[in-house]
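These notes are about the structure you will find just below.
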């Protein structure tokens with residue numbers, strides 16, 4: 001079999017659909033599960049935080065074990081494709097169960113959440129590690145692998161955009177309870193809103209369709225009255241619930257929505273899970289494994305681990321993966337706080353993130369032709385420096401410089417999208433390097449460790465955000481404290497992640513696999529595989 005053959009666009013798209021499916025799960029959970037647990041399922045925030053910490057603490061072990069298992073899988077479908085097929089439906093089912101809220105006691109809810117969340121992380125690992133490793137064995141051509149990586153990242157960003165952009169609209173559609181709503185104007189941009197329903201609804205959310213108005217309970221009903229863009233509560237049949245809405249002119253009942261969050265979230269995720277399973281099955285059916293370990297290679301875990309520790313390209317990539325994950329996660333983690341408290345426009349953050357998604361898709365698409373022209377190593381270094389410096393310039397933007405903030409953010413994100421696209425392709429190069437140097441190949445193990453680095457980087461980024469905000473005494477419920485923390489918020493949005501990017505660029509200079517070296521490795525491995533094929537024919 002010609003392992004360096006060109007891969008068809010159809011196969012690349014089929015592979016990309018797999019990461020689109022994975023991001024329906026991953027971004028759906030990362031963006032919406034916390035609020036579902038606290039606001040819909042009724043679990044205390046501290047308990048949710050502990051749950052997620054406990055479940056993620058085992059990621060490193062499960063990732064490596066899955067990589068080892070993938071390398072030792074031998075079926076007529078290959079080593080990695082079977083895992084994609086066999087986990088497609090279980091992953092869809094467990095994602096659906098995550099967003100299902102059964103009627104349980106408080107202890108029962110916690111047990112249910114722990115069980116489903118831990119199962120989700122395990123099944124996701126069993127699906128995603130083999131999926132990542134599959135790219136390295138679809139072709140022996142490192143340039144083709146970069147092209148496949150570009151398609152993969154487009155699929156990933158498209159899947160993320162699908163779930164982040166559509167889910168709340170689906171929640172509103174599936175959760176519509178058709179309530180009775182009356183609106184009485186009290187003063188300019190101030191209204192008295194009364195809501196009732198013909199049936200009991202355990203958990204609903206009231207807000208305006210455009211999300212501008214602030215709601216507060218009528219002061220006659222409750223003492224605590226902090227205005228918010230949405231309020232969650234439970235409805236008893238035919239009982240009236242009274243609110244004061246402010247901050248929006250010409251408010252009428254058709255602009256107000258009351259959503260049953262429980263059925264809204266559950267039915268929306270059920271629909272998304274169906275697409276997830278279909279996309280994964282398409283990936284399995286339309287991809288092929290062409291690169292196999294050397295025929296004489298025997299399973300030897302100790303040897304695989306020893307080769308990994310002495311694999312310099314992989315060690316550099318492990319650190320680079322950690323650094324670019326920290327960089328991207330800081331930028332993503334501070335956006336809503338920055339737009340809410342510095343620009344005083346929280347809704348604008350949603351538009352900003354969608355704009356960054358489009359920039360990410362464009363960056364992923366341009367990666368392959370750029371890497372062919374200047375090489376993966378040089379492109380990685382230049383992208384890190386360019387993205388970091390551009391992002392640092394946001395520090396000089398004032399709260400009214402919306403156009404400049406959007407422009408700098410989009411340009412920075414365009415370059416930042418190159419990092420993961422190159423990273424996963426270069427892990428395949430590291431697998432080639434191991435085979436070239438040692439005559440052994442452990443593709444799954446190499447990809448599993450790289451996956452752990454990117455996940456762990458997200459945790460470090462969260463700690464950095466927390467420590468810096470704490471140093472500036474940030475308190476999201478205290479306006480004075482928020483204003484005093486503005487310098488820290490601006491730092492996190494601009495030059496703090498930029499420092500991480502520059503460190504990554506400096507570290508990348510010691511990466512040993514330039515394009516000339518990869519050309520040599522690809523040629524030598526191609527000759528070895530041709531010899532093995534000829535031996536099979538002669539036998």
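Checking the condition in contact with a helix residue (DSSP H, G or I) (Cβ under 9 Å, 6 or more places away or on another chain), touching a residue at least 40 places away in the same chain (Cβ under 8 Å) and crowded, with 18+ Cβ neighbours inside 10 Å, which residue from 248, 289 passes? Before you say what the answer is, go through the steps one by one.
Details: 248 fails: crowded, with 18+ Cβ neighbours inside 10 Å.
None of the others qualify; the one that does is 289.
Assess whether residue 131 counts as being closer than 30 Å to residue 104 by Cβ, modelled with pLDDT of 90 or more and buried (at least 20 other Cβ atoms within 10 Å of the Cβ).
Numbers: closer than 30 Å to residue 104 by Cβ: no; modelled with pLDDT of 90 or more: yes; buried (at least 20 other Cβ atoms within 10 Å of the Cβ): yes.
Here the answer is no, as residue 131 does not meet what is asked.
Could you tell me which of the residues 492, 469 is farther than 30 Å from residue 125 by Cα, in a helix (DSSP H, G or I) and modelled with pLDDT under 80?
Just a single option satisfies the conditions, and that option is 469.
Quick check, is residue 230 within 17 Å of residue 40 (Cα to Cα) and in contact with a helix residue (DSSP H, G or I) (Cβ under 8 Å, 6 or more places away or on another chain)?
no
Any residue at all in region 188-196 that is out of contact with any strand residue (DSSP E or B) (no Cβ under 9 Å at 6 or more places or on another chain) and loosely packed, with under 15 Cβ neighbours inside 10 Å?
Checked against the condition, which is being out of contact with any strand residue (DSSP E or B) (no Cβ under 9 Å at 6 or more places or on another chain) and loosely packed, with under 15 Cβ neighbours inside 10 Å, region 188-196 yields at least one hit.
For region 391-415, how many residues meet the condition of being part of a helix (DSSP H, G or I) and within 14 Å of residue 344 (Cβ to Cβ)? Even if it seems obvious, please write down each step before you answer.
We begin by selecting, within region 391-415, every residue part of a helix (DSSP H, G or I); these are 391-396, 402-415.
Next cut, within 14 Å of residue 344 (Cβ to Cβ) only: 402, 405.
Residues flagged as part of a helix (DSSP H, G or I) and within 14 Å of residue 344 (Cβ to Cβ) within region 391-415 amount to 2.
To keep it simple, each residue is scored yes or no on (1) more than 27 Å from residue 514 (Cα to Cα); (2) at pLDDT 80 or above; (3) buried (at least 16 other Cβ atoms within 10 Å of the Cβ); (4) touching a helix residue (DSSP H, G or I) at 6+ places or on another chain (Cβ under 9 Å).
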position: 323; (1), (2), (3), (4): no, yes, yes, yes
position: 326; (1), (2), (3), (4): no, yes, yes, yes
position: 337; (1), (2), (3), (4): yes, no, yes, yes
position: 342; (1), (2), (3), (4): yes, yes, yes, yes
position: 351; (1), (2), (3), (4): yes, no, no, yes
position: 354; (1), (2), (3), (4): yes, yes, no, yes
position: 361; (1), (2), (3), (4): no, yes, yes, yes
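Pairs needed: first member in region 228-242, assigned to a loop (DSSP other than H, G, I, E, B); second member anywhere, at pLDDT 85 or above and surrounded by 15 or more Cβ atoms within 10 Å (Cβ to Cβ); C-beta distance under 6 Å; at least 6 residues apart or different chains.
Here the result reads 240/194; 240/196, each pair linking region 228-242 to a residue that is at pLDDT 85 or above and surrounded by 15 or more Cβ atoms within 10 Å (Cβ to Cβ).
Among the residues of region 445-466, are any assigned to a helix (DSSP H, G or I), modelled with pLDDT of 85 or more and surrounded by 16 or more Cβ atoms within 10 Å (Cβ to Cβ)?
No, that holds for no residue.
The values are calculated or read from the model by the stated rules, or taken from the named source; none is laboratory data. It should be emphasised that the depicted structure is a prediction, and the values quoted were computed from it without experimental measurement. Glycine also receives a Cβ, built like all others from the backbone with ideal geometry; neighbour counts cover every protein chain displayed.
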